[in-house]
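Structure first, then comments.
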Amino acid sequence: MLNKATCHCGAVVMNLAEQPSVIFECNCSICRRLGVLWAYYSCDEVEFEKGHGTTNKYVWNNRILEFHSCSVCGCTTHWVAVDPGFREKMGVNARLIDGLDRTNTKLDYVNHGESIEFWTR
């Protein structure tokens, strides 16, 4: 149970390879408004138990990232690159990770989040 991320209603459930040791707060315009904290994973470290392909997608500005949210409860669940050729990494909304122990998880800040460089770390 500790390595699951779930939306509020449970329609989207992601199994994570491990708990994140670092989570990131991005200061770009969309992340600030969504209020998310990101845990970065390689795409093969995240398995969708429920909800894969059923989320709503939002793509903005330079059309590099797809932000996904549950089509039922609206929680932002994750982001992936628009171009499948660049889908080595993805961001999972760390606020959805069940049992995330913030005392053992470092919080880092992504400054100048308007650039695309932040998600390639």
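Quick one: work out Rg over Rh on the C-alpha atoms of region 4-120, Rh as Kirkwood radius. Numbers along the way, then the final one.
Working: Rg = 13.1 Å, Rh = 14.2 Å.
So for region 4-120, dividing Rg by the Kirkwood Rh gives 0.92.
Can you pull out the chymotrypsin sites (Phe, Trp or Tyr not before Pro) in region 21-119 that DSSP calls coil and that have at most 16 other Cβ atoms within 10 Å? Could you put the intermediate results ahead of the total?
Working: sites: 24, 38, 40, 41, 48, 58, 60, 67, 79, 86, 109, 118, 119; in loops: 60.
Here the chymotrypsin sites (Phe, Trp or Tyr not before Pro) that fit, given the DSSP loop and packing criteria, are 60.
PRE reach from residue 52 (point 7 Å along Cα→Cβ): which of region 1-22 fall under 13 Å by backbone N? Answer for region 1-22: 13-16. The GluC sites (Glu not before Pro) found in region 1-62 that occupy coil by DSSP, while having at most 10 further C-beta atoms within 10 Å, are 18.
Placing unit charges on C-beta atoms (Lys and Arg positive, Asp and Glu negative, everything else neutral), compute the dipole magnitude of the chain about its Cα centre in debye, rounded to 20. Working shown, then result.
Numbers: 12 positive and 14 negative charges, 75 e Å.
Dipole magnitude for the chain comes out near 360 debye.
Residues whose amide H comes within less than 5 Å of that of residue 12, counting only those at least five positions distant or on another chain, are 7 (H built at 1.01 Å from N in the peptide plane). Note on residue 107 and residue 89: the model spin-label points, each 7 Å out from Cα along the C-beta direction, lie 2.1 nm apart. Per-residue Karplus couplings for region 5-10, computed as 6.51 cos²θ - 1.76 cosθ + 1.60 with θ equal to phi - 60°, are listed in order as 10, 10, 6, 5, 8, x Hz, Gly and Pro entered as x. When the helices of the chain are scored as -39500 (n - 2.57) per DSSP H run of n ≥ 4 and the total is divided over every residue, the value at 222 nm lands at -1000 deg cm²/dmol. Bridgeable lysines around residue 106 (alpha carbons under 21 Å apart, same-chain partners fewer than 8 residues away excluded): 4, 89.
Every number here is computed from the coordinates shown, using simple stated rules; none is lab data. As the structure is a computational prediction, the values presented were derived from the model and not from experiment. Here the Cβ is made from the backbone with ideal geometry for all residues, glycine too, and neighbour counts use every protein chain on show.
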